[in-house]
Structure formats: C-alpha cells, structure tokens
C-alpha cells in the first residue's frame, strides 16, 4: 500500500489495519506527514506541525500493538486540533500575535479524551483570529485555501481543519462551532461535519474562553459519517470542568448507524430559505434534489419551516458584546497587530448596552420556544448549510446573491439559528456547482438527538456517496 492509499483510508479502516498488524502506527503517521509536507504549502491547512512528537507517539503506539496490549478506539490514528484549543506542549496561538509564542501547560478536555483513546496529534489547524469570522485568514499564518480550487475560501472558522480532511492530510479533525464554524467549512470543502448539541462535548481551555459562551461547541470533521460517530463517542461524556457539560456518559453512536438503519416513517421537513433567506439558485436546486432522496428512503417528507423569523440581530448582539468584552482592553497594546477587521469590530461593539445584551438573550429564549414547537411535529429539518457556494479568497462575505444586494451575514442564514437553540446539526456533502465546488446539506435534529442526525446522514451517505471524490491536488 502506497502513501496516498494510506492517507485515503478512513479512521475505522486504519484502526482495523493497525489492530490486525497490516499497517503500523509508524507507517500511518509517516505517510500522513509526507503528504502534509507536500500538500500543505498549497492550501495552508496546518499552521503548526509537530512531526517528531507524532513519530514518537507512533512508536509508542506500535509497541503496544506488538505487545498485545489493549488498544483504544483511536489507537495510532492521526488527528488535528484547531488552533483555538489548548494542546499541552504544542504552540496554540488563536491565530493572534498576542499569543504568537504561547505553549499551554494543559490540554483541552476533549484533547485529553482523544489522547486517552490513542489518537496521535499531528499539529494545529488554521483559524481566523479568535475564530471571529467565517473565512479562514489571520495575521499570524495567512489564508487557508480550498482544496477544490485554491483561489476560493475554505470558509471558517474551522477552515484549516476541513481543508486538511478534504485533502487527506489526516482522516479526522477537531473543529469548533459558535455560529457555523464546523458546518460552513465542511460544506465548502466537501466533507462531513457535525455540530453536537450544546454541552455534549466538554469544553475547557480555549481562546478566548468565554467569547462564544452559550453558543460554541466542539465536534468532528471527517470524510465519513462512521468516523464522525467514532470521534464523537470518544470526545463526549460529562466533565465537571465544563459548567455546561451534560451529566451523562457518552452515547454509543456507532451502534446506532451500523448495518442499514431504517429511516422509514421518520418525519422530515425541508426548506431552501427558512422563510427569510436569499439563496443561490444552484444551491436551492441541489437541496431540493437531496430532500427527494429521503422520500426514496421511506421518510415522510414535507416542505415546511419554523415560523420563527431570522434571529440574526439577537445573535449578532450577543457575539458583538462578548467580543468587545474579551478584547477591547487589548486594543491599546495589540490593536495594530489584530486583523484590521477584528480591530474595527471590537471598537464598533464597545458601546453595546447591557440592556441590549439582555434583550438579545430573551429573544434567544423566545426563538427556542418557536423552534421547539416545530420539532414536536418533525424529527429532522433539512436546509442548505449556506446560501451560496464557495466564493473567492479576499472577501469576508459575498454582497450579492442572484443579482440581489445582500448584507454581511446573508450568506450564512442557516447555521447560527441552531447555535442559539443548541441543537445538533450536520453538514453533509450533497453535490457540486457547475464549477466543481462543493455544496452542503444541513440536517438538524431535536436537542440531544445526535443519533437521528447520524442515522439520516449515514442513510444519505449510502444513497449518495461522497467519500470517493477527491480534490484535484495530486
């Protein structure tokens, strides 16, 4: 098996090959490092690499295999960590020059869990500064490029993670999502990304620690649904260090999608616009075709959407308040070294009143009530992940859709609503534009029901496979 063949194996395939001694962890890590060295300069997915650390851990993992010791569920499998999350002994910058040389002395909780399961950290993936925007560029490491067309954005803020998985620079990656930051780049890069329910994966030791409080979660970005289920199992489970951690053991997600899980009788709503969004015509057509797949799978499919309106104003107020509270005091010393857009955003947000923040939180609760009523009738909701296909590098957001002038956040109207509600939502590859750029389908489940989202994702994956499609990098 050559290096490219190794790099294209899924995490579950690698696990089986390592367990049966057809591949060693050292062979796997060496193959991925060789590919990263060759491909990463083209797309800038990784911002910090630790190849020697990875090789050392691979040798330890190989020794355990040879001694017949018990192996964890991710034993010997390479993983990347987004540069917003702490990794003990590995530089973590948050994409900011403030922390250019910062090396944490602790791991984030989920990093501990990944290591305990036998995963081997290859390095850190690129992110916008403190994850503040939905495209991936920062003053420290520059722009990440979409593997399907390097003149186009990866999206963000987990853009480096999604690009790495799409380019086979590691089978699995960790991302975080405060307003779409797992789903947006997964959609743009043509991979699978799952935002779990709020509190499902315990979170601690991130940059900045409370910037997306009440909104942000950590989850998997992978090529296949099964790999995401495996990774989510490992990362989930109660931990007292996270105030919001769900006090339950990690569910057995893989068992729920083994074989051919039936969706017969599942009640599914689909919408291309949620009643308020302006959506690119190619995207709308692709989503409509994806919804038809679920009819063939035996689901009760109905075109419908929650009558809840667009919560963008309340969402933006909360995030703007948090960004300003965290970063305004840094402006005198560090403002000139911030991303210029971030510096302006912090300055512009400094005068938001406390009562406006409280009103925004009240709006969130009102929004949840309307969404919850809708999900009493439906098991799942299908939407586009984004209103547009990937767009060129150099802009933060498109300002026109279907010839209509739009505002800054109009291109991402389907992601942040489900950060507000805390529901699980996946980005599923469902097609390509005429120019060969990926389009993602969003599958949203009831709160805490990742199982239904994974089952629906797996059924769609079988009906419309995507993992055998690769960007033109080789």
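Can you work out which of the residues in segment 3-15 that are out of contact with any helix residue (DSSP H, G or I) (no Cβ under 6 Å at 6 or more places or on another chain) and part of a loop (DSSP other than H, G, I, E, B) is surrounded by the most Cβ atoms within 10 Å (Cβ to Cβ)?
Within segment 3-15, the match that is surrounded by the most Cβ atoms within 10 Å (Cβ to Cβ) is 9.
Under 9 Å between Cβ atoms, which residue pairs at least 6 apart in sequence (or on different chains) link something in segment 1-26 that is modelled with pLDDT under 95 with a partner that is not in a loop (DSSP other than H, G, I, E, B)?
Cβ pairs passing all conditions: 1/17; 1/27; 1/31.
So residue 316 fits all but one of (1) at pLDDT 95 or above; (2) closer than 30 Å to residue 405 by Cβ; (3) loosely packed, with under 14 Cβ neighbours inside 10 Å; what number is the exception?
With respect to (1) at pLDDT 95 or above; (2) closer than 30 Å to residue 405 by Cβ; (3) loosely packed, with under 14 Cβ neighbours inside 10 Å, residue 316 is out only on (3).
Across segment 16-52, what is the total count of residues that are closer than 22 Å to residue 125 by Cβ and either within 23 Å of the chain's Cα centre (by Cα) or buried (at least 16 other Cβ atoms within 10 Å of the Cβ) (or both)?
The first filter runs over segment 16-52 and keeps only residues closer than 22 Å to residue 125 by Cβ, leaving 25, 28-52.
So of that shortlist, the ones also either within 23 Å of the chain's Cα centre (by Cα) or buried (at least 16 other Cβ atoms within 10 Å of the Cβ) (or both) come out as 25, 28-33, 35-36, 39-51.
Of the residues in segment 16-52, 22 are closer than 22 Å to residue 125 by Cβ and either within 23 Å of the chain's Cα centre (by Cα) or buried (at least 16 other Cβ atoms within 10 Å of the Cβ) (or both).
Residue 203 passes all but one of (1) crowded, with 24+ Cβ neighbours inside 10 Å; (2) touching a strand residue (DSSP E or B) at 6+ places or on another chain (Cβ under 7 Å); (3) modelled with pLDDT of 95 or more; which number fails?
Just one mismatch for residue 203, condition (3).
Out of all the residues in segment 147-159, is one or more closer than 22 Å to residue 336 by Cβ, in contact (Cβ under 8 Å) with a residue 60 or more places away in the chain and in contact with a strand residue (DSSP E or B) (Cβ under 7 Å, 6 or more places away or on another chain)?
No, that holds for no residue.
The values are calculated or read from the model by the stated rules, or taken from the named source; none is laboratory data. What you are looking at is a predicted structure, and each value in this text was computed from that prediction instead of being measured. A quick note on method: Cβ atoms are made from the backbone with ideal geometry, for glycine too, and the neighbour counts reach across all protein chains shown.
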